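A short write-up of the structure that comes next.
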Amino acid sequence: MGKIAGRRRPISLKLLFRKIPPEMNRIPDNYHRLIEHYKEAALLESCSSLLQWDQETFMPARGVGHRAEQMALMAALAHERLTAPEVGELLSLCEESGFKADPRTPEAVNIREIRRKYDRKTKLPGRLVQELARTTVLAHSAWIEARKRSSFGLFEPWLEKIVALKREEAKALEFESSPYDALLDEFEPGEKESRLTCLFDQLRQGLVPLIEKIVGAARQPDTSFLRREFPAGRQRVFGEMAAAAIGFDFSGGRLDKVVHPFCMTIGPGDTRITTRYDQQDFSQAFFGILHEAGHGIYSQGLDPDQFGTPMGEAVSLGIHESQSRMWENFVGHSRPFWEHFFPRAQGVFQEALGDVGLEQFLQAVNEVKPSYIRTQADEVTYNLHIILRFELERELISGALSPSEVPGAWNERFKKLLGLEVPDDSRGCLQDTHWSDGLFGYFPTYCLGNLYAAQFFSSASRDIPELENLMARGIFRPLADWLRGNIHSQGMRYRAGELVERVTGAQPGTGQLLDYLNVKFGALYGL
C-alpha cells in the first residue's frame, strides 16, 4: 500500500521523556515512574479502543479513510511510548531490586508482564505497527462490504496485505518452532501451536461421535416457535434485564447494535457491549447479549486502581472467553436459569411464547444441529467451527495456504467437519471479522475458553452447593462473587494454565467439557 497524500509524520514523544537523575534511582521511585509511564500508554490505547468502538457502531461510512489515519497515529504513539529506552532502563532497575523476591506480589507481576510486553514490542518496527493499524481499518470496511455482497474477491486483496504484514510481524517477534506461536502469544501468553493441535485433536475425537448420536436421536426438538416475531425493541429490553441480573453494571456500561458483536472496555467505569437483532430469531441476540455481558462482567471485575497495569488486565483471551461462555451456556442455557426467566420471557413476548411450555423451550434453545454461522452454533458443534479456523489461519501464516485458496479450503473442510455444503461466502469464510482486524492467533482462545469454563463452573458448583437453586430463584451474585474473587481480581498474577490449576485443582484439558456435554445432551436427547 502506498503513502496517503497529506500524511504527517507522528509527533515524537522523546521530548516528553526525562532522564533519570542518579538521586531518583531508589526502588520505589523507579517502580512508580515505570507504572506511571505504562499507564500513560494504556490511556493512549484506551483512546484507540474508543475510536474502534465508534467505527463499528456509529461512524459514517465515509469516515473510514480518516479513521484509518487516526488509528495509525494512535498506534504509533502508544508503540513509541511503550518501547521508549527509558522503559527499558526503569525495568532493569526494578528487576535488580527486591521486588522479585515474591513473584506473586502486584509489583513483581507488573514488572514481569511489562518486561514481556516491552521485549515483544521493541522487536516490532514502528512502521509495521502503524501500517497494520491503518490497513486493518480499511480492511474491516472492505470486509463489511464483501460480507454484505457475499464476495470473497472484494476482500481477498486486503487479506493478502494483512497476511503479509502478520508474517512480517511473526518474523520480527522471532519464534522457536512455529511463526504462529509468535502471534498466538499475544492473546494466550505461553501457549503453543503444537499443544493446541493435540488438545483440539482430542476434543474433535470426543465431539464427532456425540454429534452423530444426537443427530440420529429419535427425540428431536421443535424449534419453529423461536422463529416467530420477536420485536427488536423488546429483545433489547429483555436482554438488558437478563444482563443486569447476572451482574453487568449498566451504570458503567451500555448496549449497542453492530454487524459483528463484541465487548469493548474503554477504561474503568466504561465497558460497552454490543449485539445484533433478528426479529425472527430469539436466540441470536439474547444469548449474544449474555455472552458479551460475561466479557463485560470480567472487565468490570478487574481492579480499577490497577487500570493500565498488568494487575488490572485480563489473564488471557482464553480466560476472558471462559467468562463469556460460562454465562452464555453453563448458566444461560441451563434449566435453573430458565426456571426463573421463562415466565418473564413469556410476559415480554406473549404472542410468541404464550403457548410454549418450559420443557419445550429448553429443548429448543439447546438444539444441537450443524449450522453455518459460528456465533449461532450450539454448544456441541461450536468447537468444530474454531478448529476449522485454527487450521486455516496457521496455514496462512506458515505459507502452506494462500489467501486466494481460503474459500475452497474452508468449504471442503467445513463439509468434512460438519457435513454441510457451504452455500456462499457470507455463510462461509467471510462470516467473521477477525482476519480483517489482523487478529491471527485469536480464534483458538474461543476453544480454550470453553475448556476453561467447564472446569471453572464445575469448581464453582462444588464451592457453592446451592448454586442451581440460587439461579432458579434469580440469584446470581454468589457465582459472580466467586468468579471475581478467584479469577477477575487476580489480574495477570498467573498464566492461564496455572490459574486454571490453582482454581480447579487440575490442568486444562478436555475431560470436564466432554463429560458436561455428554451428560447434558444425553439427557435432553434421550441418549
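Suppose every Lys and Arg Cβ carries +1 and every Asp and Glu Cβ carries -1, with no other charges. What dipole size does the chain come out with about its Cα centre, to the nearest 20 debye? Intermediate values should be presented prior to the final figure.
Details: 63 positive and 71 negative charges, 188 e Å.
Magnitude of the dipole: close to 900 debye.
One quarter of the convex hull surface, Cα atoms only: what value does that give for the stretch 14-187 in nm²?
12.3 nm²
Over 19 Å between Cα atoms: which of Lys369/Lys415; Lys148/Lys415; Lys121/Lys166 fall into that group?
As for pairs spanning more than 19 Å Cα to Cα, those are Lys148/Lys415.
Where both partners of a DSSP beta bridge lie in the stretch 187-336, what percent of those bridges are antiparallel, to the nearest 5? Mind showing how you got there, number by number?
Values: 4 of 9 bridges.
Counting DSSP beta bridges with both partners in the stretch 187-336, the antiparallel share is about 45 percent.
Could you tally the net charge around Thr309, taking each other residue with its Cβ under 12 Å from the Cβ of Thr309, Lys/Arg +1 and Asp/Glu -1?
Numbers: positive: Lys39, Arg112, Lys117, Arg493; negative: Glu36, Glu40, Glu107, Glu113, Asp303, Asp305, Glu313.
Local net charge: -3.
What is the angle, in °, between the Cα long axis of helix 406-418 and the longest principal axis of the Cα atoms in the chain? Nearest 10 is fine, range 0 to 90.
Roughly 40 degrees, rounded to the nearest 10.
Could you go through the stretch 363-377 in sequence order and give the Karplus-derived ³J(HN,Hα) for each residue, using 6.51 cos²θ - 1.76 cosθ + 1.60 with θ = phi - 60°, rounded to whole Hz, and x for Gly and Pro?
4, 5, 6, 10, 4, 10, 7, x, 9, 7, 9, 4, 5, 10, 6
With unit charges on the beta carbons (Lys and Arg positive, Asp and Glu negative) and the dipole taken about the Cα centre of the stretch 297-362, which residue among Met326, Ser316, Leu358 sits farthest to the positive side?
Leu358
Against the longest alpha carbon principal axis of the chain, how many degrees, from 0 to 90 and to the nearest 10, is the axis of helix 382-398 turned?
With rounding to tens, the tilt is 30 degrees.
Towards the positive end of the charge dipole of the chain, with charges on Cβ (+1 Lys, Arg; -1 Asp, Glu), say which of Gly296, Gly511, Pro261 has the farthest Cα.
Highest projection toward the positive end goes to Pro261.
What value, in deg cm²/dmol to 500, does the helix sum -39500 (n - 2.57) over DSSP H runs of n ≥ 4 give at 222 nm once divided by the residues of the chain?
-19500 deg cm²/dmol
Taking R0 as 51 Å, what's the FRET efficiency between Arg228 and Glu96 from their Cβ-Cβ distance, rounded to 0.05? Mind showing how you got there, number by number?
Values: r = 67 Å, r/R0 = 1.31.
Between Arg228 and Glu96 the formula returns 0.15.
Counting pairs of alpha carbon atoms under 8 Å apart in space and at least six apart in sequence, what relative contact order in percent does the chain give? Walk me through the intermediate numbers first.
Working: 737 pairs, mean separation 98.6, N = 527.
Worked out over the chain, it gives 19 percent.
May I ask what percent, to the nearest 5, of DSSP beta bridges between residues of the chain are antiparallel?
Expressed as a percentage, antiparallel bridges in the chain total about 45.
Just name one of Ile475, Gly485, Ser46: the one whose Cα is farthest towards the positive end of the charge dipole of the chain (beta-carbon charges, Lys/Arg +1, Asp/Glu -1).
Value: Ser46.
If you place +1 on the Cβ of every Lys and Arg and -1 on the Cβ of every Asp and Glu, how big does the dipole about the Cα centre of the stretch 14-187 come out, in debye to the nearest 20?
400 debye
For the pair Ala400/Arg149, report the inter-label distance in nm, with labels modelled 7 Å from Cα in the Cβ direction.
Here the answer is 3.3 nm between the modelled labels.
Just so you know, all these numbers are worked out from the coordinates, no wet-lab data involved. The structure presented is a predicted model; accordingly, all values stated were derived computationally and were not measured. With ideal geometry, Cβ positions are generated from the backbone for all residues, glycine too; neighbour counts draw on all protein chains shown.
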